[in-house]
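The values are calculated or read from the model by the stated rules, or taken from the named source; none is laboratory data. Remember, it's a predicted structure, so these values are computed and weren't measured experimentally. All Cβ positions, glycine included, derive from the backbone under ideal geometry; neighbour counts span all protein chains shown.
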2 protein chains.
Amino acid sequence: MTTRPHVVILGGGFGGLNAAKGLKGTPVDVTVVDRHNHHLFQPMLYQVATAALSPGDIASPIRSILRRRRNVEVLLDEATAVDTTARQVRLASGGTLAYDYLVVATGANHSYFGHDEWAPFAPGLKTIEDALEIRRRVLLAFEHAEMEPDPVARQAYLNFVIVGGGPTGVELAGALAEIKRYVLRRDFRRIDPREAIVILIEAGKRILPTYPPTLSDKAKRSLRDLGVDVRTEMTVTGIDADSVLAGGWRIPAHTIIWAAGNRASPILATLGVPLDRQGRVLVEPDCTIPGHPEVFVLGDAANFAHDPHGMLPGVCPVAMQMGTYAARVIRDAVRNRPTRRPFHYWNKGELAVIGRGRAVANIRRLRFGGFFAWLAWIFVHIFFLIGFRNRLLVMIEWAISYLTYSRGARLITGRSVDRPPTPADASA
Amino acid sequence: MTTRPHVVILGGGFGGLNAAKGLKGTPVDVTVVDRHNHHLFQPMLYQVATAALSPGDIASPIRSILRRRRNVEVLLDEATAVDTTARQVRLASGGTLAYDYLVVATGANHSYFGHDEWAPFAPGLKTIEDALEIRRRVLLAFEHAEMEPDPVARQAYLNFVIVGGGPTGVELAGALAEIKRYVLRRDFRRIDPREAIVILIEAGKRILPTYPPTLSDKAKRSLRDLGVDVRTEMTVTGIDADSVLAGGWRIPAHTIIWAAGNRASPILATLGVPLDRQGRVLVEPDCTIPGHPEVFVLGDAANFAHDPHGMLPGVCPVAMQMGTYAARVIRDAVRNRPTRRPFHYWNKGELAVIGRGRAVANIRRLRFGGFFAWLAWIFVHIFFLIGFRNRLLVMIEWAISYLTYSRGARLITGRSVDRPPTPADASA
């Protein structure tokens, strides 16, 4: 061991990886801790959930991404608590990790707004396991419908409800609509998959609330063209194994996906600083926590309220830029050139894809929808996808899907398939 | 419903699919029953277990493979028993299925020769779930080794034992040797993955016992070149969570893979006909069961002892040819042209791959090893891989792996990773 400053980075997502990369050539030892061995390209996770891509296409081992950074060590472990006084991180494996600088980039999980009893019936989409579970439920629903002689019970299998009209909900709804319309068209003998109904429920006034209203409208029209039933200003009040209650409606459905709320990682509560309602740390202008200029909190774990345009959204560019920023501050401090200019987010824009050839884009002053927005989405996402191999493979998979309307990863894996899913499954 | 004869096919593997395809244009209704929604290209399953390919690359939904066969219906269900008198199949979902012709192509699972207590410690390789479990254990073993300060305990994580020197065992051993040597070379900071030891244990006199002895020798030499410790005439007498007992040795190891024995599907016992020691049906020369010319048993479920060259091996070409044969017999019977010429297996040869540029081939009179055997293997396997999309993707993934020595699907998924695997994990 050297006596060089030790930088501990919690989380190998976009924020953590960029922080680790930004410390290249700096005389520090870096330890990246993540409970998964892989970095996940979360913006494309919905494509795994909807059988377009395989998990391996959008995830890369953190070790191999960082293999050439000789001052970086990767630890497969889970940080459970931070002691900011002793400057130590406690690990699930039992050990502790002392730090000189700490970067907390642990992201967020879904939140059911106090209704955790809904979780087994309405899985969210944050991890590869989540995506495979949703894929399993979606594909199984069609299988059960094919075997169900009673028309009412059959339709309940063919109703898909997505709760939450943000980018994830919109992208899922569009992909499900394409599956029922095109992908499965000829696969069944007793049901017509086009009988499936995809319902997108949003509590607010419009879907994609962080986008300009004109784009929300465009997205809504695109979804409706694809046959998605978009319902805004409708609050979900109940979810169980076979229905959703919302706005006075009871919608019979076995496949319900939660894309509505986030809750930041529980480790943040151990930092001893004020959190917002979603559990995020209210960070200083330099992304540190009050009283501890050596502790940075990034990305979805941070509530950064110092931007002139309002609170920063929970998207990867924010996390990436914060990671690069934290690395620069640490580099300057180590070299005794502390500057601490406040973090400034350079907003390059937002993109949400709805389906084949359909997307909306809000890039600086440009607001557009349709085919060109979709091309922009493909370009940006391929560009940021980690690893040459993945980029090439995903491009080919998309090209094949585009030409043939097929989805290659339509596997039901995990559990035996001789009965409908029950609450017990989800908690397994 | 029509009054056309009903053909029920149990199993969507190579035998079942070929039977279904062979009935194209025949005036029968076909129902294919499988408990998985996908056909699996089992000969390449070891590539999923060793992180070279993703599950989606080697599996396709049975429905989409058969979508254009309008007389074929696919049922996601598990057949639990056959009543040959009533001509009915009982299903796990509760229903029954009446048949005029029955094709049983349910394959085999691994067998621990009466030692089922070894199963949690030494998983076999038959399904996608098996492959992901092995991949998880292999990748986790290196992670645990990286975190283990004690050198003896560390080496136990780096010892990989494969039991069984047939093609699956040989292919797994070669792939693991390449992983430790090339793939992970630069990924770790505290361990050198090349310290890992891959041990292949075979009870018989030589590995690849169905091949000519010269090729067994070639394969052994190739494996040794790759650094695999090949041990023949060594019988495993015990397996537990941290060791293998074999031939007087105690080998400390946490990662043990079972590639030694097969046991045919349990449904065969309900047919009421004699089975061999591995649970396979002793079929007639026309692949039917004694006394029931309407019931066919194919592939790994059948013991076909009527070939002049001895018992047929459990490989896909046998299953495929039997499937095509059964379809022809049914077609002739339906058209009232019963011929029942006995099944004849056309042996096109055998191929086993050992590593990059290394394989052995036994094709009719040609017996060769090395680079050309490896090219033959790639050609044959890509050719038979189901679905255009998969073929192209796999070819690209292999090309990238060949050029970069990387493996793209190195994901640890499934369970939390903050502790070493325990017996409880495997039984979960």
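Of the conditions (1) assigned to a loop (DSSP other than H, G, I, E, B); (2) assigned by TED's automatic domain parsing to the domain that holds A:Thr214, A:His344 satisfies every one except a single condition; which number is it?
If we test A:His344 against (1) assigned to a loop (DSSP other than H, G, I, E, B); (2) assigned by TED's automatic domain parsing to the domain that holds A:Thr214, just (2) comes out false.
Hand me the list of strands (runs of 3 or more DSSP E) wholly inside region B:95-208 holding 3 or more residues that are within 30 Å of B:Met322 (Cα to Cα) and out of contact with any helix residue (DSSP H, G or I) (no Cβ under 7 Å at 6 or more places or on another chain).
In region B:95-208, B:96-98 are the strands (runs of 3 or more DSSP E) which contain 3 or more residues that are within 30 Å of B:Met322 (Cα to Cα) and out of contact with any helix residue (DSSP H, G or I) (no Cβ under 7 Å at 6 or more places or on another chain).
Quick one: is B:Leu268 closer than 28 Å to B:Glu171 by Cβ, in the same structural domain as B:Val104 (by TED's automatic domain parsing) and at pLDDT 95 or above?
Taking the combined requirement at face value, the residue satisfies it.
Going through A:Val103, A:Val161 one at a time, which residue ends up being β-branched (Val, Ile, Thr) and under 20 Å from A:Ile354 (Cβ atoms)?
On inspection, the qualifying residue turns out to be A:Val161.
Is region A:139-148 home to any residue that is within 14 Å of chain B (Cβ to nearest Cβ) and within 16 Å of the chain's Cα centre (by Cα)?
no
Can B:Tyr157 be described as more than 18 Å from the chain's Cα centre (by Cα), closer than 30 Å to B:Leu23 by Cβ and in contact (Cβ under 8 Å) with a residue 24 or more places away in the chain?
no
Do we find that A:Pro151 is over 25 Å from the mean Cα position of the chain (by Cα) and surrounded by fewer than 18 Cβ atoms within 10 Å (Cβ to Cβ) in this structure?
Spelling it out, A:Pro151 is indeed over 25 Å from the mean Cα position of the chain (by Cα) and surrounded by fewer than 18 Cβ atoms within 10 Å (Cβ to Cβ).
Could you identify the single residue in B:Tyr182, B:Tyr211 that is buried (at least 20 other Cβ atoms within 10 Å of the Cβ), in the same structural domain as B:Asn362 (by TED's automatic domain parsing) and modelled with pLDDT under 95?
Step by step, each of B:Tyr182, B:Tyr211 is checked, and only B:Tyr211 is buried (at least 20 other Cβ atoms within 10 Å of the Cβ), in the same structural domain as B:Asn362 (by TED's automatic domain parsing) and modelled with pLDDT under 95.
Given the conditions (1) within 28 Å of B:Asp286 (Cα to Cα); (2) within 14 Å of chain A (Cβ to nearest Cβ), which single one is not true for B:Ile400?
(1)
Residue under question is B:Val138, and the condition is that it be surrounded by fewer than 20 Cβ atoms within 10 Å (Cβ to Cβ) and over 30 Å from B:Pro212 (Cβ atoms); does it hold?
no
Here are some residues: A:Gly94, A:Gly25, A:Gly15. Which one is within 19 Å of the chain's Cα centre (by Cα) and not aliphatic (A, V, I, L, M)?
A:Gly15
Would you be able to tell me the number of residues in region B:21-41 that are more than 13 Å from chain A (Cβ to nearest Cβ) and crowded, with 22+ Cβ neighbours inside 10 Å?
1
In region A:63-77, what residues are within 13 Å of A:His38 (Cα to Cα) and either at pLDDT 95 or above or touching a helix residue (DSSP H, G or I) at 6+ places or on another chain (Cβ under 8 Å) (or both)?
A:Ile65, A:Leu66, A:Val74, A:Leu75, A:Leu76, A:Asp77
In this structure, does A:Lys220 turn out to be charged (D, E, K, R), under 24 Å from A:Val236 (Cβ atoms), touching a Pro at 6+ places or on another chain (Cβ under 8 Å) and not in a loop (DSSP other than H, G, I, E, B)?
No; evaluated as a whole, the condition is false for this residue.
Pairs under 8 Å by beta carbon, first residue farther than 20 Å from B:Ile197 by Cβ and in contact (Cβ under 8 Å) with a residue 40 or more places away in the chain in region B:130-147, partner in a helix (DSSP H, G or I) and of a type in the set (Val, Ile, Thr), six or more apart or different chains?
As it stands, the answer is B:Ala131/B:Val48; B:Leu132/B:Val48, since those pairs meet every condition given.
If you go through region B:272-289 one residue at a time, how many are over 14 Å from B:Pro342 (Cα atoms) and touching an Asp or Glu at 6+ places or on another chain (Cβ under 8 Å)?
2
Restricting to region A:67-119, and then to whatever is farther than 16 Å from A:Gly12 by Cβ and among the hydrophobic types (A, V, I, L, M, F, W, C), can you tell me which residue is nearest to the other protein chains (Cβ to nearest Cβ)?
This residue is A:Ala81.
Is one or more of the residues making up region A:47-64 closer than 18 Å to A:Thr106 by Cα and more than 10 Å from chain B (Cβ to nearest Cβ)?
no
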